[in-house]
Structures are given as C-alpha cells and as structure tokens.
Amino acid sequence: MTDEGSSNPLRAVDTAVKDGVLTVTVRKEFDSGNVHQDWAQQVQLLHPGPFTKVVVDCSACGLLSSTFFAGIMQLQQHYGELGCPKMVLNRPDVRIVKNLQILRLHTFFDIIAR
C-alpha cells in the first residue's frame with residue numbers, strides 16, 4: 001500500500017486525505033497475490049487520524065476476499081474509536097453488499113450503491 005502517485009504497480013489500495021476526509025481506494029489488484037496482506041494496518045499507520053469522515057471507494061472492484069471484510073472492520077473500529085462517524089463504502093459490488101448483509105455487518109457502514 002502506498003500513497004497516490006507511487007510507481008508501484010501492485011498495491012492493494014491508494015489513500016488520500018483532503019479537508020479532514022480519508023479516502024481509501026481499493027484497487028482492482030486487491031486480491032492479486034499477497035498485495036492485500038495487512039492493508040488496513042498499513043492505512044492506520046500511514047493515516048492514524050482522527051478524521052471527520054472515512055470513505056472506502058470500492059468502485060473498481062468486484063467480489064473481494066475475506067481479507068477485505070476483516071480490514072474494513074478493523075478500520076471502522078480504529079477510526080470509530082477516534083470519533084469518526086460510520087465509514088462510507090462507496091459503490092461496492094452488489095455481491096459485497098450481500099455478503100455484508102449475510103454477515104450482519106452492513107449496519108456499521110453507510111453504503112452508497114453502484
């Protein structure tokens with residue numbers, strides 16, 4: 001995981017901070033090899049917060065592995081403890097939303113539909 005503008009072609013997410021809002025963009029390469037390992041911890045280390053809002057942009061992805069679900073819960077807990085309101089999942093694949101509902105995790109997020 002690196003900040004935007006890096007030349008590293010294989011990374012799980014890109015991050016950006018603007019006006020107190022952290023945006024984590026999940027790349028379509030998220031599940032390629034091991035690029036996704038510890039992605040949420042890397043985000044926390046790079047951007048410890050607090051933030052007024054955290055947005056996870058899933059618009060470039062299809063169905064994601066369980067590592068994604070564990071990571072968003074880790075981020076939600078970390079930034080929530082710092083006073084951030086519900087994280088926003090921006091345009092996740094409908095299968096991700098369905099899995100969140102099955103796992104009863106959808107209530108932790110504001111979900112913007114595709």
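Inspect all residues belonging to the range 94-113 and state whether any of them is of a type in the set (A, V, I, L, M) and under 15 Å from PHE51 (Cα atoms).
No - not one qualifying residue is present in the range 94-113.
Taking the range 18-39 only, how many residues are more than 12 Å from ASP57 (Cα to Cα) and at pLDDT below 95?
Applying the first criterion (more than 12 Å from ASP57 (Cα to Cα)) to the range 18-39 yields 18-21, 29-39.
Retained after the next criterion (residues that are at pLDDT below 95): 29-39.
Counting residues in the range 18-39 that are more than 12 Å from ASP57 (Cα to Cα) and at pLDDT below 95 gives 11.
Given (1) assigned to a strand (DSSP E or B); (2) open to solvent by 60 Å² or more (accessible area, probe 1.4 Å); (3) hydroxyl-bearing (Ser, Thr, Tyr), where does THR23 come up short, assuming only one miss?
The one condition THR23 does not meet is (2).
Which residues, taken from the range 81-92, are more than 12 Å from the chain's Cα centre (by Cα) and crowded, with 16+ Cβ neighbours inside 10 Å?
Residue satisfying the conditions is CYS84 alone.
How about the range 51-71: which of its residues are under 17 Å from ALA16 (Cα atoms) and modelled with pLDDT under 95? Reasoning before the result, please.
Quick first cut of the range 51-71, residues under 17 Å from ALA16 (Cα atoms) only: 51-60.
Passing the criteria: only ALA60.
I'm told SER66 meets every condition in (1) within 22 Å of LYS86 (Cβ to Cβ); (2) buried (at least 18 other Cβ atoms within 10 Å of the Cβ); (3) under 13 Å from the mean Cα position of the chain (by Cα) except one. Can you identify the failing condition by its number?
Only one criterion is unmet by SER66, namely (2).
The values are calculated or read from the model by the stated rules, or taken from the named source; none is laboratory data. Just so it is clear, the model here is predicted, and its values are computed rather than measured. When we count neighbours, we look across all protein chains shown, and the Cβ atoms used for this are built from the backbone with ideal geometry, even at glycine. Calculation scope for accessible area: heavy atoms of the full protein, side chains included, ligands and nucleic acids excluded. Shrake-Rupley method; radii C 1.70, N 1.55, O 1.52, S 1.80 Å.
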